[in-house]
1. Do you know which residues across the range 343-366 are open to solvent by less than 50 Å² (accessible area, probe 1.4 Å) and either charged (D, E, K, R) or assigned to a loop (DSSP other than H, G, I, E, B) (or both)?
2. Quick one: which strands (runs of 3 or more DSSP E) sit completely within the range 263-337 and have at least 2 residues that are within 19 Å of F391 (Cβ to Cβ)?
3. Only residues that are farther than 18 Å from A679 by Cβ and either open to solvent by 60 Å² or more (accessible area, probe 1.4 Å) or at pLDDT below 85 (or both): list them for the range 790-813, please.
4. State which residue is surrounded by the most Cβ atoms within 10 Å (Cβ to Cβ) when the search covers only the range 685-703 and only residues that are within 19 Å of I741 (Cβ to Cβ) and within 52 Å of the chain's Cα centre (by Cα).
5. Please go through the range 552-581 and pick out each residue that is closer than 22 Å to H707 by Cα and either open to solvent by less than 10 Å² (accessible area, probe 1.4 Å) or of a type in the set (V, I, T) (or both).
6. For the range 707-726, give me each residue that is open to solvent by less than 70 Å² (accessible area, probe 1.4 Å) and in contact with a helix residue (DSSP H, G or I) (Cβ under 9 Å, 6 or more places away or on another chain).
7. Residues that are at pLDDT below 95, open to solvent by less than 80 Å² (accessible area, probe 1.4 Å), under 30 Å from R713 (Cβ atoms) and under 39 Å from the mean Cα position of the chain (by Cα): does the range 653-668 have at least one?
8. Restricting attention to the range 221-261, which residues are open to solvent by 50 Å² or more (accessible area, probe 1.4 Å) and under 15 Å from L181 (Cα atoms)?
Amino acid sequence: GTDHAGIATQMVVERQLAEQDIVLDRGTNRETGKNQKLIGRDAFIDKVWQWREQSGGIILKQLRRLGASCDWDRERFTMDEGLSRAVLKVFVDLHHKGVIYKDKRLVNWDPKMHTAISDLEVEQREVKGHLWHFKYPIEGAQGTFITVATTRPETMLGDTAVAVHPKDKRYKKLIGKHAVLPLVGRKLIIVGDDYADPEQGSGAVKITPAHDFNDFEVGRRHGLEMVNIFDRDARLNENAPDAYRGLDRFEARKRIVADMEKLGLVEKIEDHEHTVPHGDRSGVPVEPWPTDQWYVDAATLAKPAIEAVEQGKTKFVPKHWENTYFEWMRNIQPWCISRQLWWGHQIPAWYGSDGKIFVAMDEAEAQEAANKHYGMDAALTRDPDVLDTWFSSALWPFSTLGWPQKIPEVARYYPTSVVVTGFDIIFFWVARMMMMGIEFMGEVPFADIYIHALVRDERGQKMSKSKGNALDPLDLIDQFSGDAVRFTLAALAAQGRDIKLATSRIQGYRNFTTKLWNAARYVEMNECALPPNFKPELNDKTVNRWIVDRLARVTGEVQNAIENYRFNEAAGALYRFVWHEYCDWYLEITKPILQGDNEAAQTETKATLLWVLHALLHLLHPFMPFITEELWERMGPDDAKLLIVDDWPKVYDSLFDEEAAGEIDWVIKVISEIRSVRAEMNVPPKALLSLGVRDAGAATKARLKTHRSVLLRLARLEEIALSEALPEGAVQSVIDEATYILPLAGIVDLKQEGARLQKEIDKLSGEIGKFDKKLANEKFLSNAPTAVVDEQRERRQDATAARTKLASALARIEAA
């Protein structure tokens, strides 16, 4: 399902209406432009629902194209009637318990959107600004000043104190005395507080409780006055001196600095780069601003949610993310849940004429309570604010099941197994689902919390439209297929590491889907069939027993990896098995059997080919649902269920075969070693070599005889002979107890080949030296982006591996 994305949706629809010269009538008696029309709340909400009807299905279509296996009959939306009722009940119940209350505190205020916004909707931007050092006169000590530094001179008009560290010897005698606020004349108490850092700036800090979150806490500790100098547009209000009233905050900044300079109270101005919080939707700097808002006593709800993770009732994967969870939860602040918007769940609170609040499930219930309270029919006004979107999202594990109705689905599906999400919303969503689930359902909402990686570009940089490095999943699906995109993301999803996504990787995994398709065609072309009651553990041919053993082992690997959320390991195991063992080796080794005249061997091999393919389609289905379901429909049993609801392959002890595994693994090792030598020595592909084998034991001799035809064909050999001689210009390899000898004289110019390899080794050594020099440079390591440093380390690692391989080849030549 989907949430209603309150602020984002409101912005989209407001923008669309603005293009039609329609603006929201917020009851501020604003004058409209020449062609502008005002629209009320109900009409605006109707417009939002119309917009959602047109665009609301896009996300679900994207999920379908990605192959998400959801129960589409159970689609939910946070503004559904059922979910809305759950939201109302939770609000009312928590209010009656005193967990939800109204308070005046600082919020992140967006002066363009005119609403409080959550920390998640605040974007920290690096800004080149200034640090102004102002001198505040000390009361009763003419010519004596205390210097404070600020990046926001306009807020000085709201100062109510100066803080110094209680152990700072420079200011110890001033604690309890007063400074005088320039331009205003207000007395500022000088307080001792640990918030002031003696090592930073002058060691003295101006305190503006109404416009800084840290200052707000200092103000509470010392009982300071809170002077709000901004209106909702971030213009100076009536609490500022006449000269500045009505000015925009940045215009006021210029005027204040100029006036302070005239008074000689500017000690110095420094260039200063710092982070400034901006609204991620509006793009304007947000203001800490004191407003009346609704809050949740999050600390009370957090206690059992912390204990649940401490006791292992819910586990984080990877485990280290629980530290982030604990850090947030143990230092949790009251949760501001009200938003000054129209789109969302309107807060179920009504006000009497004297400000008395009546919280109820509906207006009739509130009216009844009000009439009883006042002893007469009372006029009520509903709170215009709506709830933070995260409030309704926090109820998702149970509100989507039909709660608060007592229906079977609630008992059957709660608690759930796992929630899968990104680390950036552990607090905003995961922690709040934990709190609400325990509070209203009496147990944790999920057993596991799997935190997946962020998808970055191929250089490790965060994707963004402005950088031009964003990849649209739907474009990638159009280009490479949904299966290739899914498998790529799974293959790269190592725990604790972000995904570096490159189209070249997706291209590679599209080739993998082609490999699977071609393997299935091969099985189909050979008219493979499963005889009744086929039992693979009773196979006679060694190669068939080997592939069954390998399938059994890889099934266990994949299952274990999936159960432990190591999707990259599961994908890697499947990739290696399908591409290398099934296609490259099994299909190649069995070709002579299928082309031969041994009917029993053919029947067994065809059955094994198909049986293994069937199992593979099951194992690959979670990663590649489209191609596997398509092939299963074509090649599965006539009475087969869809893969999505079929049984997962089972592994039986009787499927394991150590003897067959050892024998075919030996065949693969010998062929791979010979192919490796051929590649390293630049042996022409068509050249047939002679293989001599020395010191072979009885088992090796038997294997050489049994698999002679396979070795000749796949290693491109002319002959295999037992030999004790070591001809000049021969390359040796040792496998187990035997030495394998390939005479290359007359086929390869070993002297020339050695010179080529040495040249390549020298070139790589030079590149590695450059990497080492760069990675030993502290300036580079501290200034370069992490992604760039990681890239240099990876390139050095690749160069080192390549040099080692070439050095091994050169050593072979020198020993020849």
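The values are calculated or read from the model by the stated rules, or taken from the named source; none is laboratory data. Every value quoted in this text rests on a predicted model; they were computed, and no experiment measured them. Here Cβ is always computed from backbone atoms with ideal geometry, including for glycine, and neighbour counts include all displayed protein chains. We work out accessible area using only protein heavy atoms, side chains counted, and drop any ligands, DNA or RNA first. Shrake-Rupley method; radii C 1.70, N 1.55, O 1.52, S 1.80 Å.
1. Across the range 343-366, the qualifying residues are W343, G344, H345, I347, P348, G352, G355, A360, M361.
2. Numbers: elements: 266-279, 287-296, 315-317.
Correct list: 287-296.
3. Within the range 790-813, the first condition is being farther than 18 Å from A679 by Cβ, and the residues that meet it are 790-797, 799-800.
Correct list: D790, E791, R793, E794, R795, R796, Q797.
4. Restricting to residues being within 19 Å of I741 (Cβ to Cβ) and within 52 Å of the chain's Cα centre (by Cα), the top hit is R703.
5. Once the filter is applied, which keeps residues that are closer than 22 Å to H707 by Cα and either open to solvent by less than 10 Å² (accessible area, probe 1.4 Å) or of a type in the set (V, I, T) (or both), the range 552-581 yields only F577.
6. Step one: filter the range 707-726 for residues open to solvent by less than 70 Å² (accessible area, probe 1.4 Å), giving 707, 710-712, 714-715, 717, 720-721, 723, 725.
Listed by number, the residues that qualify are H707, V710, L711, L714, A715, L717, I720.
7. No; the residues of the range 653-668 include none that is at pLDDT below 95, open to solvent by less than 80 Å² (accessible area, probe 1.4 Å), under 30 Å from R713 (Cβ atoms) and under 39 Å from the mean Cα position of the chain (by Cα).
8. E225, M226, N239, E261
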